[in-house]
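Scroll down for the structure; my scribbles are underneath it.
The values are calculated or read from the model by the stated rules, or taken from the named source; none is laboratory data. Keep in mind that this is a model prediction, so the values were computed, not measured. No Cβ is skipped: glycine too gets one built from the backbone with ideal geometry, and neighbour counts run over all protein chains shown. The accessibility values were calculated without ligands, DNA or RNA, using every heavy atom of the protein model including side chains. Shrake-Rupley method; radii C 1.70, N 1.55, O 1.52, S 1.80 Å.
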Amino acid sequence: MSKVQKYLGLLLLVVCLVGCASNPANNTALISERQERMFWEITSPTGTTVYVLGTIHVGTEEIANLPQGVLEAFDHSNHLYAELALADLQNQQNYLTPLLQETTVVDEEGVPIPLTMLLDDSAAACLEQVIIASLGDQYTDEAFTSMACLPPWFWTNTLTLSVYQAMGYNAEQGIDVLLYNRGFVSGKEILGLDSMETQLNILSFGTPEEQLALLQEMLHNITQEKLEEFEIVNQMVAAYLEDNRSEVERIVQQSIQDEMEAAGADYIKAYTDMVYTQRNRSWADQITTMLQQENETYFIFAGTAHWLAEDSVFNMLVQDGVARWQ
C-alpha cells in the first residue's frame, strides 16, 4: 500500500469519526421559547413536536385568557398531558377517602385524636372556629369531632386554598381547569405525567408531627393576620402575566428559601426533592420517549416552576443530550 493510500485511509477514518461525533447534535431535539406567555416548543428530528405550557395553580379571568396560538396548538395536538390524568382527577375521591383514613392521627389504641387536642390553645381555637363556620347549619357535636379528626395536611391545604380565595383567586378560573374542560368537550383523553400516588404523596408529605407543626403555624398566622407570606403569590401572578420567566424563577427560589427558614432545611429539601427534582426527572424521561416517536404532536400543561431554574425539565433534557436550546 502506498503512502498516499495510507494517508487517504487515515483521512477517511478521521472524517468518519468526526461525522459520527457530529451525529448526536444533528439528532437532538430543539427547545425554543414561543412568544406566547410561558409557552415552549420542542421539535424532534423524527418530525415530532412537544408543546409545553407552564401553568400557575391559581386562577383569575386574566390568567385564564390564553393566547390563540396556545389554544390552536392544544386543539391540533394528538396527545394531551397534564400533571394528573383527567380520569384520575374525576375519580380523586376514591383515592382521597382511604388516604384520609390512613393518615388520621390516632392514639395507642387506634382511636382518632381531634387536632384541637394536639394544637396549642390559640391554634386550636382558630381551627374550632373554622370547623364551626364550615358546618354552618349542619353543625352537630359528632360532625365537629369528625372534622376535627381529619389529618393535619388536609386542613393545611384547605386553609391555603381559602386564603387564596380571599385574595381573589379562584381555582375554577385556572388554566388547568380550562384545558381539562376543553379536552373533555373535544373528546380527547388527557393523560398524566404523574400517577395519583405521586400526587397524594405530595399532599400528605411529612410525618404527623411535621404536618401538625405546619398547620399550627398557619393557624397562628391566620389568627394574627400575618399573611405576608402569601404576598409572594401576587408577585408570582404578576410575573407570570408579564411572561417574565427570569422573575418567576427568582420567586420560586425565594419561596423555597423562605420555607427552609420557616419549616427547617431538612424538611423542605426532602419536600422540594419530591415535588421538583424527582418529578422533573420522571417528566424528562417521558418527554424523551415522546421525542423518539415519529410525526406525533404532544401538548403538555403543567406548573411553570418545573420548566424553569437549574434542575428544570428542559435542563435535564439538555444534560441528557436529548435536546438543546435553539
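Here's the yes/no breakdown for (1) in contact (Cβ under 8 Å) with a residue 40 or more places away in the chain; (2) open to solvent by less than 60 Å² (accessible area, probe 1.4 Å); (3) of a type in the set (Phe, Trp, Tyr); (4) part of a helix (DSSP H, G or I):
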{"site": "GLY136", "(1), (2), (3), (4)": "no, yes, no, yes"}
{"site": "ALA143", "(1), (2), (3), (4)": "no, yes, no, yes"}
{"site": "PHE154", "(1), (2), (3), (4)": "yes, yes, yes, yes"}
{"site": "LEU159", "(1), (2), (3), (4)": "yes, yes, no, yes"}
{"site": "VAL163", "(1), (2), (3), (4)": "yes, yes, no, yes"}
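When residues in region 165-187 are screened for being under 22 Å from LEU241 (Cα atoms) and part of a helix (DSSP H, G or I), 13 of them pass. ALA85 meets all of the listed conditions (1) under 20 Å from the mean Cα position of the chain (by Cα); (2) farther than 19 Å from LEU161 by Cβ; (3) at pLDDT below 95 but one, namely (3).
Among the residues of region 67-82, the ones that are in a loop (DSSP other than H, G, I, E, B) and either under 19 Å from the mean Cα position of the chain (by Cα) or surrounded by 19 or more Cβ atoms within 10 Å (Cβ to Cβ) (or both) come to 1 in all. For region 120-134, the tally of residues that are open to solvent by less than 60 Å² (accessible area, probe 1.4 Å) and outside any loop (DSSP other than H, G, I, E, B) stands at 8. One residue stands out among those in region 83-119 that are open to solvent by less than 60 Å² (accessible area, probe 1.4 Å) and touching a Pro at 6+ places or on another chain (Cβ under 8 Å): the one that is nearest to SER186 (Cα to Cα), which is LEU100. Could you tell me whether any residue of region 234-248 is modelled with pLDDT under 95 and within 28 Å of LEU115 (Cα to Cα)? Among the residues of region 234-248, not one is modelled with pLDDT under 95 and within 28 Å of LEU115 (Cα to Cα), which makes the answer no.
For region 48-68, residues that are of a type in the set (A, V, I, L, M, F, W, C) and more than 12 Å from THR304 (Cβ to Cβ) total 3. Residues of region 116-155 that are β-branched (Val, Ile, Thr) and within 14 Å of THR104 (Cα to Cα): THR116, THR145.
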